[in-house]
1. Could you please state, rounded to a whole Å, how far the C-alpha centre of region 92-137 is from the C-alpha centre of region 169-240?
2. For region 434-446, what does the Karplus curve 6.51 cos²θ - 1.76 cosθ + 1.60, with θ = phi - 60°, yield as ³J(HN,Hα) per residue in whole Hz, taken in order and with x for Gly and Pro?
3. Among Gln298, Gln385, Gln375, which one moves the most in a GNM of the chain with springs linking Cα atoms closer than 10 Å?
4. Straight distance only, please: which aspartates and glutamates reach the Cα of Lys236 with their own Cα at less than 13 Å, same-chain residues fewer than 8 apart left out?
5. Among His225, Ser55, Tyr8, flag the residue with its Cα farthest along the positive direction of the charge dipole of the chain, charges on Cβ as +1 for Lys/Arg and -1 for Asp/Glu.
6. Among Lys294/Lys383; Lys46/Lys135; Lys320/Lys353; Lys241/Lys400; Lys183/Lys324, which pairs are too far apart, with a Cα-Cα distance over 32 Å?
7. If you keep only loop residues by DSSP, which trypsin sites (Lys or Arg not before Pro) in region 377-446 have at most 12 other Cβ atoms within 10 Å of their Cβ?
8. Sort 185-194, 79-88 by the packing proxy (mean of other Cβ within 10 Å over each peptide's residues), most packed first.
Amino acid sequence: MEVIPNEYKIDEMPFSMASAHEYEMNEFRSDDATITNAQNIRIQVKDLSTFTNLSNAYLEVKFRVVDSSGNAHTGLEQITLVNGVQSLFQRCVLRIQNQIVETLDEQHISSMVKGLLHYSEDFARSSGTNEFFYKDTGNLDATATSKYSHSNANAVADGQAVGVLTINPNADYNSGWVSRFAKTKNSAVNTAIIPMATLFGFCSVDRVISGNLIAVELTRSAVEHHLHATSGVSGKVALDKISLWCPRILPSPSIDLALKSAMGGGVRSTYKFPIYNSYVSSNLGNNAGSNVFKVLTQTEKILQVFVMLRKGALAVADPKTSTKPQFTELEIRLNGRNYPSRRYDNLQNNEGKARAYLELLKYMNRSGDYSSGIQLSFEDWDKTQIYAFDCSAQPQNWSKSPSTLEVVSNLLVNNDGGDRQFSVCVVSERVAQIDYSGSQPTIAVM
């Protein structure tokens, strides 16, 4: 078969796209007009007469970081929001036709994992800043607010001429914290965007829907999970506004006729999408030895698991992305099968760490993608140790029996004191189906 390059196809006609006649964004405000200190926020979309596409929808969050009494900071208090505005919410629920399609628990942990693993450096430095994403660097702490340490050189001390200024970069400098603090100090008003497709897996499917009641329910995370400050500084986040922006779509006549004809004929629209949920163990204690954490039992197919060992009972002054490097061996057990087949071992040496880091890079095929990457270099990963377990290759569960997930590990002594806990982010596969037969669409989650 002979293939002719495009440059020689002189008689080829151009393609034309039967696009929409109108594609306008509509704003839907929260049910309660005042949500400054609200713990639960609900937003509803009741426009039943038009088409919309949730993959292009987004949440707009307008907020301020204030003191514990709700008064504005003076600018001296070193406190700001944790990386990414999604950290504000611990639980997120998406309803279609009053049916729960997704419930995201411990969402502030899932959003941290997704931001560090999904965003490339280019995306984080441009589009990510609109989501209030500024990666923590250095020692991940909130105290390194100056970029350089300066000292006057002394000819006797360092052999340089008198009056020479030596500038040493501060390896502990947290550029992400400083960038976020610069935006929120003096309780300045900030607006950040949460694309619905990054929050809910259902919304990642690029498809129009019509005639559906849509509701988004948000529950705030605890202050210690979404604020990061120097020791002794406290505060809270005041919400000025949260709204949902959805496209109002008027397709071209030919597409509009085809869509309405299909819906009138009772078409069923099937969605398959990933759902992210996180789980936290109880306190593991400070002694060395083996631990088994039964994470969950669920019906959805588990595709990917991410495991971290973090400090328990976090305070506002604690860096949220910091992990404890106390694993010696680690694996997960899914329905009695161990992943990986040879557990992660030798994790106190670079040999074991290099293997674990490579397996993390294999998520989303980043290990061989020379045009992209993740937010964690090997040195960054050593401070934010996220262990990845790929469970996508597994026997088909024809019986639809629940899956049981366990984390199995060996730990060193917790010499730094305080609690330590597993934080586990689980990516599962879910299927939903919208049935357009009858007077109103119905949705079923499978």
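1. 9
2. Residue by residue, region 434-446 yields 9, 9, 8, 6, x, 6, 10, x, 10, 10, 10, 9, 10 Hz.
3. Fluctuation is largest for Gln298.
4. The reachable aspartates and glutamates, counting only those whose Cα sits under 13 Å from Lys236, are Asp67, Glu77, Glu224.
5. His225
6. Result: Lys46/Lys135; Lys241/Lys400 exceed 32 Å.
7. The qualifying sites are Lys400.
8. 79-88, 185-194
Just so you know, all these numbers are worked out from the coordinates, no wet-lab data involved. As the structure is a prediction and not an experimental result, all values here were calculated from the model. Don't worry about glycine lacking a Cβ; one is built from the backbone with ideal geometry, like all the others, and counts go over all protein chains shown.
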